[in-house]
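Single-structure report; data block below.
The values are calculated or read from the model by the stated rules, or taken from the named source; none is laboratory data. Predicted model, so just to flag it, every value in this text is computed and none were measured. All Cβ positions, glycine included, derive from the backbone under ideal geometry; neighbour counts span all protein chains shown. Quick note on the areas: whole protein, heavy atoms, side chains included, nothing else; ligands and nucleic acids left out. Shrake-Rupley method; radii C 1.70, N 1.55, O 1.52, S 1.80 Å.
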Amino acid sequence: MPTDQQYGASIRAETSLFANWPPNTPREIGDFGRVNGSLFDFYGRLTPEEIEALGSREGPSPASYDIMIKSTRSLNAHASGEANAKVADGKALLEIKFTSDQGVVFAAPSVSITEITDLLALGRFLNKRRLEGNWDTDHAVVVQVSKADSATILLSKEDGAEINFEVSANAPVNAQLVAKLDAGTSMVDSHGVGIKIIGEGPLTPLFKLAYLKKKIFGDPKIVYREAIAPDAPQAPDIHDIDDDYVLTVF
């Protein structure tokens with residue numbers, strides 16, 4: 001599996017959210033595009049008027065993500081060899097090791113969530129666009145974004161990959177430490193690590209999508225449904241305008 005798809009699938013399995021790719025790509029509520037495997041391909045944005053009408057709200061407190069997939073981390077206060085020469089007195093070596101070529105480190109200790117407040121309005125906008133022949137039902141819309149003040153994201157590209165950082169000898173080994181690392185001043189050495197986003201921010205690494213689809217009776221994910229009136233104007237590509245459509249968040 002390609003690195004980007006592997007990362008997206010791993011993060012989605014851990015969080016039930018979509019992972020932004022590349023992780024530092026801009027992502028905002030109202031963006032739309034197609035789901036490509038475990039990733040999202042951006043095509044465009046809803047109009048400013050539509051986005052404003054959807055409203056938005058922020059979560060009451062930040063969340064913390066500390067995901068280690070096929071990877072370990074430990075503080076080595078007794079580094080030796082070449083690495084020891086690069087660690088100053090009073091410092092220790094934070095060692096992050098990967099046991100697979102599909103290893104992931106995702107540390108984001110302060111993540112704020114913003115989501116739209118009116119899913120009913122979004123359903124109406126998309127249904128109106130569909131009737132006008134101005135909406136591809138394969139497209140999904142970003143309805144929630146998670147923004148990180150600072151994050152570290154590492155992906156291995158081989159079994160046995162490793163990356164080491166110089167940190168304070170008494171530093172607590174947690175997401176806060178990993179997310180605040182600095183590639184320019186604290187990284188000692190690295191091998192076998194592909195993607196390195198180290199202590200960068202702000203980022204929007206996670207988001208949630210919703211899309212318009214035909215009604216499936218009993219679908220528990222349905223948040224919006226509107227029967228199309230029999231006398232509604234028929235768009236060129238609409239053949240059965242009596243079908244129900246639903247907005248599904250996933």
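Observations on the structure shown:
- Given a 1.4 Å probe and the protein chains as shown, residue 105 ends up with an accessible area of around 0 Å².
- Charge tally around residue 107: other residues with Cβ under 14 Å, Lys/Arg +1 each, Asp/Glu -1 each, net -2.
- Sequence ranges 63-75, 151-163, ranked by mean other-Cβ count within 10 angstrom, highest first: 151-163, 63-75
- For the pair residue 112 and residue 41, a Förster radius of 30 Å applied to the C-beta separation gives a FRET efficiency near 0.75, rounded to the nearest 0.05.
- Separation in nanometres of the label points that stand 7 Å from Cα toward Cβ, at residue 9 and residue 53: 3.9 nm
- Estimated translational D of segment 135-221 in µm²/s (Stokes, Kirkwood radius over Cα pairs; 20 °C; 1.002 mPa s): 132 µm²/s
- In nm, spacing of pseudo-spin labels at residue 162 and residue 214 (7 Å Cα→C-beta vector): 5.7 nm
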